[in-house]
Structure formats: structure tokens, C-alpha cells
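Taking it in order: structure first as C-alpha cells, then the write-up.
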Amino acid sequence: MTAPLDGRVALVAGATRGAGRGIAVELGAAGATVYVTGRSTRARRSEYDRPETIEDTADLVTAAGGRGVAVPTDHLDAARVRDLVDRIAREAGRLDILVNDIWGGEALFEWETPIWEHDLDKGLRLLRLAVETHAITSHHALPLLLRHPGGLVVEVTDGTDDYNRDHYRNSFFYDLAKSSVLRMAFSLGHELGPRGATALALTPGWMRSEIMLDQFGVREENWRDALAQEPHFAVSESPRYVGRAVAALAADPDVARFNGRSLSSGGLAREYGFTDLDGSRPDAWRYLVEVQEAGGPADATGYR
């Protein structure tokens with residue numbers, strides 16, 4: 001059988017680890033050619049100083065059934081991003097899916113710290129990495145995406161529009177960054193919709209990224225051991241879950257119905273019927289409001 005995304009070309013910007021890697025792999029599993037970008041390569045690490053590389057991500061995409069192409073790219077460098085898009089146009093002749101997952105801010109925001117006490121240089125750097133990179137990438141990539149009808153742009157953020165509207169998200173800079181990405185998807189929807197493409201915002205739930213697993217001292221294979229430290233982690237999800245959400249959206253001929261909207265991995269699992277790697281369907285944002293913030297005991301029954 002033909003894979004649902006066979007012949008489609010994707011760019012996952014910020015695919016070194018976490019959600020970006022999970023999305024890239026699942027697009028590959030659906031048959032797409034996936035260009036993956038980031039600053040951490042086998043030859044040089046970014047300031048994260050972590051072992052994950054874009055070459056590893058590309059290999060995982062290919063192993064899943066697609067074709068992974070690693071292109072080292074700093075998305076704050078407009079010339080490098082232009083060169084990246086020129087390369088995709090030259091090699092593939094099209095771009096069907098753009099995933100803006102560039103972030104790089106874990107070490108920069110200071111938890112629950114007001115703006116006047118937060119390190120200003122770190123805060124401004126965070127905004128550049130989380131917002132300016134997305135704008136630069138969209139500016140250069142969207143003309144290629146619009147060459148063929150039906151293109152999809154996914155802006156990856158943290159939190160749905162409904163949730164973030166009523167909740168302070170950790171710090172002024174973090175809150176502004178994640179809310180800005182939501183608004184970017186809304187604005188892109190207005191600009192792309194009349195031109196035959198779709199833009200939307202997508203958030204994973206409590207995601208078991210490589211960094212999160214390290215914080216708990218566990219691996220994906222034994223992640224439930226972390227429940228002794230944080231029982232609410234029971235509702236967490238693998239990065240492949242949000243990846244399956246993107247693959248389902250990209251294969252949906254009626255995806256335009258979501259144009260400009262804010263979506264979540266858990267909500268889309270109900271819509272499309274996909275599951276996480278363990279066969280469950282975590283719905284972290286509903287759990288967060290109905291159980292954790294309501295003061296209920298940590299029990300993910302009915303939420304995964």
C-alpha cells in the first residue's frame with residue numbers, strides 16, 4: 001500500500017530532539033521526504049551541549065520509512081534559511097509541510113521570576129529564538145510552499161489558546177514567546193487560507209522529551225519510574241504522539257477546516273483515532289484543568 005504522505009516534502013525546523021524529532025520521524029513513517037534542521041550536529045553541538053544531533057534525526061526518519069535529510073541551520077541567520085529553502089526547491093521542487101518547532105529556550109527562562117528580576121539578556125535571547133526564528137523561516141519558506149495547493153504550516157507551541165489565555169505561563173518571557181506562536185498561526189491562517197494553504201498551532205501535552213526524561217533520571221523504556229517523584233507525570237506522552245498528530249493533519253484532505261486554530265495532540269487523537277506508542281491516548285490539557293489544577297489525586301484513568 002502507498003504511504004499516505006508518499007511524494008510529499010516536509011521541512012521540520014528545529015528537529016534535533018523533542019517534539020521536532022517526533023514529528024519528523026512520524027512524517028517519515030507516513031512516507032514523506034523530511035528535511036530536518038537544527039544547530040546540533042555530529043561535528044558541533046549548540047549551547048545546549050547535548051548528544052542529540054540532526055543527523056541522528058534524519059537517520060530515524062529514513063529508518064521509519066521516509067527519507068531524512070539533515071541540513072545544519074541557525075534559523076536566526078536569514079541567509080542560511082534562504083539557502084536552506086533554495087536547496088529544498090532545487091532538490092525536491094516543492095514544499096508541502098512546514099513545521100516551525102524552533103525553540104532553544106530551556107536554559108534561558110527563569111521559572112516564576114518577574115520581568116524586573118529576570119536576566120534581560122536571557123529573556124530577549126529567548127524571544128529571538130522562539131519568535132524571530134519562526135518569522136524568518138516562514139518568510140523564506142512560504143513562497144515555495146504556496147507553489148502547490150494544499151500546503152500545511154504547523155506552529156508548535158506550549159499550551160492551547162484557551163489555556164494560555166487564562167494562565168500565566170512560568171515567566172513574562174516564556175508566556176510571551178508561547179502566546180506569540182499561537183498568534184503567528186492565527187495570522188498565517190489569514191494570509192495562507194485564501195491562497196490554498198492551511199496554518200495552525202499545535203501543542204503536545206506533558207511530553208517525555210530527552211531533556212524531561214533526564215530531569216527525572218529515567219528513559220522512555222522505564223518512564224513510569226518517575227511517578228514516584230511526580231505522580232501527575234502519569235498523563236505524559238512520547239514525542240511521537242504529537243508527531244502522529246502532524247502526520248494525520250498532513251494526510252487529511254479536509255485539513256483546511258482547522259485553519260488558524262489552536263490544537264493539541266490529545267484533542268487530535270480523539271479526532272483522528274491515532275494513539276501514542278503504548279496504545280493510549282493521553283489528553284494532558286484536559287487532565288491539567290480537571291484533575292491537577294482542581295486538586296484531585298494523580299490518576300490518569302479516563303485521560304489516556
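Using the Karplus curve 6.51 cos²θ - 1.76 cosθ + 1.60 with θ = phi - 60°, what ³J(HN,Hα) values do you get for each residue of segment 266-274, in whole Hz, with x for Gly and Pro?
Here the 3J(HN,Hα) series is x, x, 6, 4, 5, 5, 9, x, 7 Hz.
Where does the charge balance sit around residue 223 when Lys and Arg score +1, Asp and Glu -1, over other residues with C-beta under 14 Å from its C-beta?
-4
For segment 1-155, what's the relative contact order in percent, using C-alpha pairs closer than 8 Å and at least 6 residues apart?
23 percent.
Distances over 15 Å make up what percent of all Cα-Cα pairs in segment 1-54?
That fraction is 47 percent.
Expressed as a rounded percentage, what relative contact order does segment 151-248 have, with Cα pairs under 8 Å and six or more residues apart?
About 29 percent, as a whole number.
Magnitude of the Cβ-charge dipole of segment 127-237, K/R +1 and D/E -1, about the Cα centre, nearest 20 debye?
Roughly 440 debye, rounded to the nearest 20.
In deg cm²/dmol, rounded to 500, what helix-only [θ] at 222 nm does the chain give when every DSSP H run of at least 4 residues adds -39500 (n - 2.57) and the total is split over its residues?
-11500 deg cm²/dmol
Please compute the net charge surrounding residue 252, taking Lys and Arg as +1 and Asp and Glu as -1 over other residues with Cβ under 15 Å from its Cβ.
Here the count lands on +1.
Of 226, 248, 275, which is farthest towards the positive pole of segment 199-284's charge dipole, taken about the Cα centre with +1 and -1 on the beta-carbons of Lys, Arg and Asp, Glu respectively?
About the Cα centre, the residue reaching furthest to the positive side is 248.
Filter the GluC sites (Glu not before Pro) in segment 115-187 down to the DSSP loop ones having no more than 12 other Cβ atoms within 10 Å, then list what survives.
117
Please list, in chain and number order, the residues 5+ apart from residue 34 or on another chain whose amide H is under 5 Å from its amide H, with Hs placed from the backbone.
Under 5 Å from the amide H of residue 34 lie the amide H atoms of 10, 67, 68, 69, each far enough along the sequence or on another chain.
Amide H of residue 237 versus every other amide H placed in the peptide plane: which residues, excluding those fewer than 5 positions away on the same chain, fall under 5 Å?
Those qualifying (amide H under 5 Å, at least 5 residues apart or on another chain) are 206, 207, 208.
Let's see if you can work this out: charge +1 on each Lys and Arg Cβ, -1 on each Asp and Glu Cβ, no other charges. What is the dipole magnitude of the chain about its Cα centre, in debye to the nearest 20?
That gives a dipole near 1020 debye.
Work out, step by step, the length gained on full extension between residue 6 and residue 47: first 0.36 nm times the residue separation, then minus their alpha carbon distance; give nm to one decimal.
11.2 nm
Which of the chymotrypsin sites (Phe, Trp or Tyr not before Pro) found in segment 74-152 are loop residues per DSSP with 15 or fewer other Cβ atoms within 10 Å of their Cβ?
Within segment 74-152, the qualifying chymotrypsin sites (Phe, Trp or Tyr not before Pro) (loop, at most 15 other Cβ atoms within 10 Å) are 111, 116.
In the neighborhood of residue 124, defined by Cβ-to-Cβ distances under 14 Å, what is the net charge if each Lys or Arg adds +1 and each Asp or Glu adds -1?
-1
So what are the chain's ellipsoid semi-axes, whole angstrom, largest first, if each one is the square root of 5 times an eigenvalue of the alpha-carbon gyration tensor?
28, 22, 20
Given H placed 1.01 Å from N in the peptide plane, which residues other than close sequence neighbours of residue 152 have an amide H under 5 Å from its amide H?
Long-range HN contacts for residue 152: 97, 98, 198.
Counting Lys and Arg as +1 and Asp and Glu as -1, each charge on the Cβ, what is the dipole of segment 74-160 about the Cα centre in debye, to the nearest 20?
Rounded to the nearest 20 debye, it is 640 debye.
For segment 176-184, take each phi angle, set θ = phi - 60°, evaluate the Karplus expression 6.51 cos²θ - 1.76 cosθ + 1.60, and give the result in whole Hz per residue in order, putting x for glycine and proline.
For segment 176-184, the Karplus-derived couplings read 5, 4, 6, 6, 5, 5, 4, 5, 4 Hz, x marking Gly and Pro.
Rule-based calculations on the coordinates, nothing more; no lab input. The model shown is predicted, which means the values in this text are computed figures rather than measured ones. Backbone-built Cβ (ideal geometry, glycine too); neighbour counts: all protein chains shown.
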